[in-house]
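To start, the structure itself, in C-alpha cells.
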Number of protein chains: 2
Amino acid sequence: MGGDFAPTNVVAGALEALRETDNRFEVVFVGPEELLRRELPSTSSGDAYSIVHASQTIDMHDGATAALKQKKDSSIAVGITLHREGKADAFVSAGNTGAVMSASTLILGRIEGVSRPTIGAFFPTVEGACLIVDAGANVDCRPRHLYEFGMMGSIYVQEMFGIDRPAVGLLNIGEEDSKGNDAAKEAFALLKASKLNFIGNIEGRDILPGKANVVVCDGFVGNVILKFGESVPSFLKTRLKAHTGGGILTKLAALMMRKTLRSALKSLDYEEHGGVPVLGVNGVSIIGHGKSTPKAFKNMILKAEEMAKKNINRRIQEALAVQ
Amino acid sequence: MGGDFAPTNVVAGALEALRETDNRFEVVFVGPEELLRRELPSTSSGDAYSIVHASQTIDMHDGATAALKQKKDSSIAVGITLHREGKADAFVSAGNTGAVMSASTLILGRIEGVSRPTIGAFFPTVEGACLIVDAGANVDCRPRHLYEFGMMGSIYVQEMFGIDRPAVGLLNIGEEDSKGNDAAKEAFALLKASKLNFIGNIEGRDILPGKANVVVCDGFVGNVILKFGESVPSFLKTRLKAHTGGGILTKLAALMMRKTLRSALKSLDYEEHGGVPVLGVNGVSIIGHGKSTPKAFKNMILKAEEMAKKNINRRIQEALAVQ
C-alpha cells in the first residue's frame, strides 16, 4: 500500500517483474485484499503471486513510531513480519520511509555489530552513480556510526554494482585530514584505520565528478544534499526560460536543446535507481520513492531478489565483527 | 595581497571603484610597498589612495591560527589593525578566509551579545539570491549560534538588499516543527520566539526556488551545499557533451544553446556577488573569493563603504541585546 499510486503501480510493477523473469520468484502482495484483487487479473494468469491481507495503511504523513504502535495490521508491519518469519525472503515498499525504517529495525532487528541501521541513496556522477550514506535516517551521528555507514555502503556497492574495493570518501568541508566538525574528525581516524579503500575527506564539489563510490555523511547533511540535487533540474528549467526570451534562432535552439538537457539531467532524478536498501538490519528491506512507477517497482523487486541471494547482511556482520 | 591575482586585480578593482565614485572615499592599499607601486600609475592620477607597507603575506594554504601568530606583519593583520585603530572604516580582502575570519574576530572583537561571528554566502535563487549563513566558519554549532546567524543574516539582508523583514528559514530535513537533529530542534524554538520573520523549517529543495531570503544552518552543512552548488555547472557541461553525440542538428542546437545555458547558470557562481561579510565583529570585514576579478574587488569595496555607512553592527548589537 506504499506510494502515491498504490496499489496500482505496485501490482503492475510486480507482475512485470514476474513476467520478465518467467516467475523466477514468488510475489506476496500485502494489503487490503479487496483492493488488491481489483488490480489483479480476474482470471488466473499463471503468475506466481499470492495475497496476504492487511487491513491498515500507514500514510506518508503519519509519525513513524506512533503509526507502528497504533496500526498493528498495517501492510508495512505485516509484510516485514512475513519476512522475519521466513515466509518471504525480502520486503519492498514505497511507503512512509520512517515507518519502513523503524519497522525494519524493530521487527527484523539489527545485524550484530551494527549500532545504527542506515538508508543510503544513489546520486548521479560523471562516472555513473555513488551511494550517499546516510540519506536521512540518522541525523545525530557519532563517529562510530559514520564508520559503520562507510563499511555497510562499501559492501553494498561492491556486491551490487560489482565495483571492487569501492572508493569511500568522508564528506567534509576541506580535504585536509584535520578538517571538519568533531564527529567528522574522529570518523576520519576510524575510517583510515579500517580495511576500507578510504580515500579521505571529500568536499561538496567532489560528489558529482564521482570522486567516491561511497560518500559518508550524517543523515542531516545527506538529506539536505539529496533534496537540493533534486531541485536543480526545475531551477535550471526556470532559468533557461528566463534566458531564452531573445531571438527566434535562440528560441529554436532552446526548444531543440530541451530534450537533450532533460536526458542529461535525468539521472539527477535518483529514483531511477529503483529504491534504496535499509542497511544493517537482519533482512532485506528496500524503500522506494512515493512516486514510484511500475518500472521502479519492478526494479526494486529485482534488486531485492539479488540482495537476498548475495547475502549482503552476512558480509556486513563479518566485516563489523573483525574490525 | 589576497587572492590568486594579487596585487594586480586588487589594485585595478580599487582604482576602478575610486574612478566610478569620483574619489568618494579613500583606499588604503596594505602590502609590500614595492609590489604595490609596480601596479599603480607612475604619475599621480589624482586618485584618493595611499599605501601602508606590510612585509608578509598569509597564503591560501597557511593554517589560520599559526599564520596569524607567525606573520605579525601580514597584510591581513596590518589591514585589520588599521581598521581597529580607526585609520580605516572597513577592511576588504580576497585572502585566506580562515585567517581573515580569525583576525577579524581577534583584532576587532565580537559585537556585544554575539557568541560566534559568522560568514554568510550568497546563493542564486529563482527570486534573485539568498544568504546562506553560516557558510563554513562554524562547523559545530549550538542552537544559540544558529539563532544568532538568523538574526545577523536578517539584519544584513534587510539593510543591504532593502528587503523588508526578510524571510528566515531554518535548513532542516523536513518541514514539520519537530524535525531535525538536536541543534536544529532547539534553534527552531529560539527562532520562532524571536522577532524575526521566521518561516520555519525549509528543506534542501527549497533553497533554489527562493523560499527564504536567509537560510540558517551550521557551517558544515552550509559549506557542503555551497561547494556542491558550485560544481553543478561543470557537471552539466560534461553530461551535455555526453548526450550530444547524436545528429548534426542536435550538435548545432547544443552549440547554440551553450551560451544560453552558461548565462542561465552564471549566477550559480556565487562569487559574482562580490564578497561576503564577516558578521558579528566590531567592524566591517569583507572576504572575497581567491579568484576575484577587478570587478569583484570593485564591488567588494563599494559594499564595504555601504556597510560602514549603514552601521549594520550597531543594529546587530541592538537586536541581540533586546532578545
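Each residue in the range A:154-184 was checked for being touching a residue at least 40 places away in the same chain (Cβ under 8 Å) and either more than 18 Å from A:Glu203 (Cβ to Cβ) or surrounded by fewer than 22 Cβ atoms within 10 Å (Cβ to Cβ) (or both), and 11 of them qualify.
May I ask you to list the residues in the range B:9-25 that are closer than 16 Å to B:Val92 by Cα, assigned to a helix (DSSP H, G or I) and touching a residue at least 60 places away in the same chain (Cβ under 8 Å)? Quick ask: steps written out before the conclusion?
Our first condition is that a residue be closer than 16 Å to B:Val92 by Cα; within the range B:9-25, this holds for B:9-18, B:25.
Checking the rest, the ones that are also assigned to a helix (DSSP H, G or I) come to B:9-18.
Those that are closer than 16 Å to B:Val92 by Cα, assigned to a helix (DSSP H, G or I) and touching a residue at least 60 places away in the same chain (Cβ under 8 Å): B:Asn9, B:Val10, B:Ala12, B:Gly13, B:Ala14, B:Glu16, B:Ala17.
In the range A:115-174, the residue that is farthest from the chain's Cα centre (by Cα) out of those that are within 27 Å of B:Leu226 (Cβ to Cβ) and charged (D, E, K, R) is A:Arg142. Being under 18 Å from B:Asp89 (Cβ atoms) and either part of a loop (DSSP other than H, G, I, E, B) or touching a Lys or Arg at 6+ places or on another chain (Cβ under 8 Å) (or both), is that true of even one residue in the range B:26-43? Yes, the range B:26-43 has at least one match.
Restricting the range A:69-121 to residues that are touching a residue at least 12 places away in the same chain (Cβ under 8 Å) and among the basic types (Lys, Arg), the residue that is farthest from A:Ala135 (Cα to Cα) is A:Lys87. The residues of the range B:86-110 that are closer than 19 Å to B:Glu306 by Cα, surrounded by 22 or more Cβ atoms within 10 Å (Cβ to Cβ) and either touching an Asp or Glu at 6+ places or on another chain (Cβ under 9 Å) or β-branched (Val, Ile, Thr) (or both), listed by number, are B:Ala88, B:Val92, B:Ala94. When the range A:164-199 is filtered for residues that are out of contact with any strand residue (DSSP E or B) (no Cβ under 9 Å at 6 or more places or on another chain) and of a type in the set (A, V, I, L, M, F, W, C), the ones remaining, listed by number, are A:Ala183, A:Ala189, A:Leu190, A:Ala193.
Here is a list: B:Leu208, B:Leu240, B:Leu236. Which entry is at pLDDT below 85 and surrounded by 20 or more Cβ atoms within 10 Å (Cβ to Cβ)?
Values: B:Leu208 fails: at pLDDT below 85; B:Leu240 fails: surrounded by 20 or more Cβ atoms within 10 Å (Cβ to Cβ).
Sole residue among the options that is at pLDDT below 85 and surrounded by 20 or more Cβ atoms within 10 Å (Cβ to Cβ): B:Leu236.
Can you name the residue in the range A:185-226 that is part of a helix (DSSP H, G or I), closer than 22 Å to B:Arg205 by Cβ and in contact (Cβ under 8 Å) with a residue 40 or more places away in the chain and is also farthest from the other protein chains (Cβ to nearest Cβ) among such residues? Step by step, filter the range A:185-226, then rank; the result is A:Gly222.
In this structure, does B:Ile51 turn out to be of a type outside the set (S, T, N, Q) and closer than 26 Å to B:Ile132 by Cβ?
Numbers: of a type outside the set (S, T, N, Q): yes; closer than 26 Å to B:Ile132 by Cβ: no.
Spelling it out, it is not the case that B:Ile51 is of a type outside the set (S, T, N, Q) and closer than 26 Å to B:Ile132 by Cβ.
Taking the residues in the range A:23-72 that are in contact with a Phe, Trp or Tyr (Cβ under 9 Å, 6 or more places away or on another chain) and among the charged types (D, E, K, R) as candidates, determine which candidate is surrounded by the most Cβ atoms within 10 Å (Cβ to Cβ). Restricting to residues being in contact with a Phe, Trp or Tyr (Cβ under 9 Å, 6 or more places away or on another chain) and among the charged types (D, E, K, R), the top hit is A:Glu39. If we scan the range B:272-283, do we find a residue that is at pLDDT below 90, part of a helix (DSSP H, G or I) and surrounded by 15 or more Cβ atoms within 10 Å (Cβ to Cβ)? Yes; the residues of the range B:272-283 include at least one that is at pLDDT below 90, part of a helix (DSSP H, G or I) and surrounded by 15 or more Cβ atoms within 10 Å (Cβ to Cβ).
Answer yes or no: is there a residue in the range B:4-22 that is surrounded by fewer than 17 Cβ atoms within 10 Å (Cβ to Cβ) and more than 20 Å from B:Ile301 (Cα to Cα). No, because not a single residue in the range B:4-22 is surrounded by fewer than 17 Cβ atoms within 10 Å (Cβ to Cβ) and more than 20 Å from B:Ile301 (Cα to Cα).
Condition test on A:Val214, is it β-branched (Val, Ile, Thr) and either surrounded by fewer than 19 Cβ atoms within 10 Å (Cβ to Cβ) or under 16 Å from the mean Cα position of the chain (by Cα) (or both)? Break it down into steps so the answer makes sense when it comes.
On the way: β-branched (Val, Ile, Thr): yes; either surrounded by fewer than 19 Cβ atoms within 10 Å (Cβ to Cβ) or under 16 Å from the mean Cα position of the chain (by Cα) (or both): yes.
So A:Val214 fits the description; yes.
The values are calculated or read from the model by the stated rules, or taken from the named source; none is laboratory data. Given the structure is predicted, the values throughout are model-derived calculations rather than measurements. Counting neighbours? That spans all protein chains shown, and the Cβs are built from the backbone with ideal geometry, glycine included.
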